[in-house]
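Accompanying notes for the structure given below.
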Amino acid sequence: MSIRVKEFGKTADGRTVSIYRITNANGAYVDVLDYGCTLHSICVPDKDGNLVDVCLGYDTVAEYEANDGYLGAFIGRHANRIGKGKFTLNGIEYTLAVNNGPNHLHGGKKGYDSVVWATSVASDRLLFSYTSPDGEEGYPGNLSLSVIYSFDDDNALTLCYDAICDSDTVVNFTNHCYFNLNGAGSGTATDLLLQVHADAFTENDADCLPTGNIIPVEGTPFDFRTPKTIGRDIEADDQNLKNGSGYDHNFVLRGEGMRDVCVLSSEKTGIVCTTATTQPGIQIYTANFLTERKGKGGATYHSRDAICLETQHFPDAVHHDNFPSAILKKDEEYHQETRYTFTVTK
Ligand code: GLA
């Protein structure tokens, strides 16, 4: 594995953004920005051995700053929604930035996706660090974070998140990569095959906020226990799908500890992406709100041209005692890991 760095551009307020290329022994590579620890490109071999970029992104910092959608970004302090942007911890009510209808989404108006992270390069990994100050976007406690990316010779991209806080707080980190295994910018991702090792999902209201109900997938369009195309049931007459304009739901993953949780594959390129994680949930988001826009290399992206596999704690866990807790206690060490491994079928 080798890592080289180049300047990518500057933010509107003059911060320099760098792009790091991690190349493995086979010539496959991942490009990462220090702006939001953003996965910018993931170039892996298809069934004929040609490199295909399977990750959506933009050519300029200005586009990352101007557009919504969090393409490729690391998300925190709390991924997905917190109802009404309020929660109570140790008897104190905290008020967060509200940036998605009535709710708080993906860390608020200035989440970790727009931070330019301090970066250090080791021979086998890229390390990003940031201290999120007490009160940032309304969250309690000074939170020290490290995000580590590595890409090995088996085309496995590993994302490790560690954090510690000087008071009790809530945390939920994810990565918001938009995958299209047919190739980024090649059109719809609805023909990709998806399997998710989940027997249930969390029901959403019309604002995509969990109601607290955990629904078995059996007999619903959310049953991905055996592989099916993303598009097969996406237009089914189902209130949960209507609420998300497609899939935008947290699946309750089987098991615990680092385990395989979902498999995405393309019949066109033969590329298979297996996701493993330590996290309890995954937001399967079919890019329903990816409005038409210009992407990398002159491509045009549209709604449903990608899928996000956002490993996470359940959204709004702070309001639902039946969800795994997203509270991080003072001085407790937070650690989560997610690995996307790219292979091919012949
Ligand atoms: C998450 C949310 C979606 C949407 C996207 C970003 O996946 O669940 O509703 O906000 O992020 O566009």
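The values are calculated or read from the model by the stated rules, or taken from the named source; none is laboratory data. Being a predicted model, the structure only gives us computed values, none of them experimental. FYI the Cβ positions are ideal-geometry reconstructions off the backbone, even for glycines, and counts take in every protein chain you see. Note: areas computed on protein heavy atoms with side chains; ligands, DNA, RNA excluded. Shrake-Rupley method; radii C 1.70, N 1.55, O 1.52, S 1.80 Å.
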Q: With viscosity set to 1.002 mPa s and temperature to 20 °C, compute the Stokes-Einstein D of the range 8-71, Rh being the Kirkwood radius across alpha carbon pairs; µm²/s, no decimals.
A: 169
Q) For the range 49-102, what size does the Cα cloud have along each of its three principal axes, sorted from largest down, in whole Å? A) 57, 26, 17
Q: Within the set of other residues whose C-beta is less than 13 Å from the C-beta of residue 267, count the net charge using Lys and Arg as +1 and Asp and Glu as -1.
A: +2
Q) If you look at just the Cα atoms of the range 20-133, how large are its Rg and its Dmax in Å? A) 17.3, 59
**Q.** Environment charge of residue 219, counting only residues whose C-beta is closer than 13 Å and scoring Lys/Arg +1, Asp/Glu -1
**A.** -4
Q) Sorted by packing (mean other beta-carbon atoms within 10 Å per residue), highest first, where do 49-61, 68-80 land? A) 68-80, 49-61
Q. Within the range 267-322, which GluC sites (Glu not before Pro) sit in a loop by DSSP and count at most 14 neighbouring Cβ atoms inside 10 Å?
A. 267, 292
Q: Calculate what fraction, in whole %, of the accessible area of the chain sits on carbon and sulfur atoms when a 1.4 Å probe is rolled over the protein chains.
A: 48
Q | Probe 1.4 Å, protein heavy atoms only - accessible area per residue of the range 2-344 in square angstrom | A | 37
Q: With the Cα gyration tensor of the range 2-344 in hand, give its eigenvalues times 5 under a square root as the equivalent ellipsoid semi-axes, listed largest first in whole angstrom.
A: 27, 26, 19
Q) Which net charge results when you count Lys and Arg as +1 and Asp and Glu as -1 among the other residues whose beta-carbon is under 15 Å from that of residue 317? A) 0
Q. Once the Cα gyration tensor of the range 279-330 is diagonalised, what are the square roots of 5 times its eigenvalues, in whole Å and ordered largest first, as equivalent ellipsoid semi-axes?
A. 33, 11, 9
**Q.** Subset of 86/329; 110/294; 268/296; 296/346; 268/294 violating a 26 Å alpha-carbon distance limit
**A.** 296/346
